[in-house]
Amino acid sequence: MQPGKQSGIRRVTSWQLVGAQLRHFRKLAGLTQAALAEQAGVGEDTIASIEQGRRVLQLDMAIQLDELLDTKGTLRVAVEKIPRKERYQALVKDFVQYEQNAVSLLWYESQLVPGLLQTESYARFVFGCTYPPLEEEEIEKRVTDRLARQKILERKPRPILHFILEESILHTQLGDPEVMYEQLLHLRRCMDLPFVTIQIMPRNTPRHAGLSGPLILLETPDHDGLAYVDGQLRGELYDEPADVSALMQRYGMLRSQALTVAESTRLLDALLDALLGETCPAQHTPPPVPQPSTGTSPATATVTAEPASKSPPTPPPSTSATPR
């Protein structure tokens, strides 16, 4: 082979082989990608991506396609036999699916409230700060997608969710004061969910294990460990046991450096009281926290409001239009 010239050998992944099988069986059945997608209740691009090996064929969908194509479990077996090191692809759209099916999830965030805990107005403001700027339609689409991910909070069996947030996140005002108050109140209510734990990393921590940035760790239904690290343009998914173990140790250290749950709760209560004083200075007796309405996010919909003496109140509505 001449120097600088490629060998011409193209690496074929297991997912490309599965995709080739699907394409073969689809053609034998006399179906187009569009026709199969319609029968499966998915988009045509989903079938195309799976056939090209660019998208993971989830086990439940493999079983469904086996039934539609009468392949007697061939696709299901192929998916189950994928080598462990190729089982997970480092794609954001696939990670969202792993997130929704996770048995447990550990999330450290240094800049923003984690997406699973964001309110609608907070999320809309965050996407509105994206550069290059997004069109209004794209902002609304991303807000809708983010809120849809929060269905994990309603899922049964319940996942175990643990979050560590930098204290600076709570002090950074994004949007109007009402937007931030609503977000902090939502966090406080999430603290009362039995399957959610939130710890705050104090600003005066002498040693900090999270200087490398945000980190998400999850356990799949098959009890595999995955780690997701976000970046400026794209995220990266790690599934090698050694990598996941190293990041799990890092998260464990973050957990020990953060405030306890009780201390974190008291800190958030104090911030809410202070913010209420800024937004409603003339109000001497705070009103009680109202019961969540049917329009609230999944997390708060399951929380019963505590008496006014224990939980911070909701400020009166702003005279200006606040995004929901």
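Coordinate-derived values only; no laboratory data. These figures come from a predicted structure and were not determined experimentally. Methodologically, a virtual Cβ is constructed for each residue, glycine included, from the backbone with ideal geometry; neighbour enumeration extends over all protein chains shown.
Annotations
- Modelled label positions at residue 14 and residue 222, each set 7 Å beyond Cα in the direction of Cβ, lie 0.6 nm from each other.
- Farthest toward positive dipole pole in the range 93-301 [+1 Lys/Arg, -1 Asp/Glu at C-beta], among 233, 118, 199: 199
- About the Cα centre, charge dipole magnitude for the range 93-301 (Lys/Arg +1, Asp/Glu -1 at Cβ), debye: 500
- Antiparallel bridges, percent of DSSP beta bridges restricted to the range 93-301 (to nearest 5): 50
- Calculated FRET efficiency, residue 274 to residue 192, Cβ-Cβ distance, R0 = 22 Å: about 0.60 to the nearest 0.05.
- Computed over the range 93-301, the Cα gyration tensor eigenvalues convert (square root of 5λ each) into semi-axes of 28, 21, 18 Å, ordered from largest to smallest.
- Here the range 172-243 is treated with +1 on each Lys and Arg Cβ and -1 on each Asp and Glu Cβ, and its dipole about the Cα centre works out to around 500 debye.
- Alpha-carbon spread of the range 92-193, three principal axes, descending order, Å: 36, 28, 20
- Using a Förster distance of 35 Å, the FRET efficiency for residue 154-residue 236 (Cβ separation, nearest 0.05): 0.75
- Normalising by residue count, the range 14-86 has a Cα convex hull of 69 Å³ per residue.
- Relative contact order, percent, the range 14-86 [alpha-carbon distance under 8 Å, six or more residues apart]: 37
- Here the extension length gained between residue 253 and residue 171 equals 27.2 nm, from 0.36 nm per residue of separation less the Cα-Cα distance.
- Between the listed residues 164, 208, 262, the Cα displaced farthest toward the positive end of the dipole of the range 93-301, a dipole computed from Cβ unit charges relative to the Cα centre, is found at 262.
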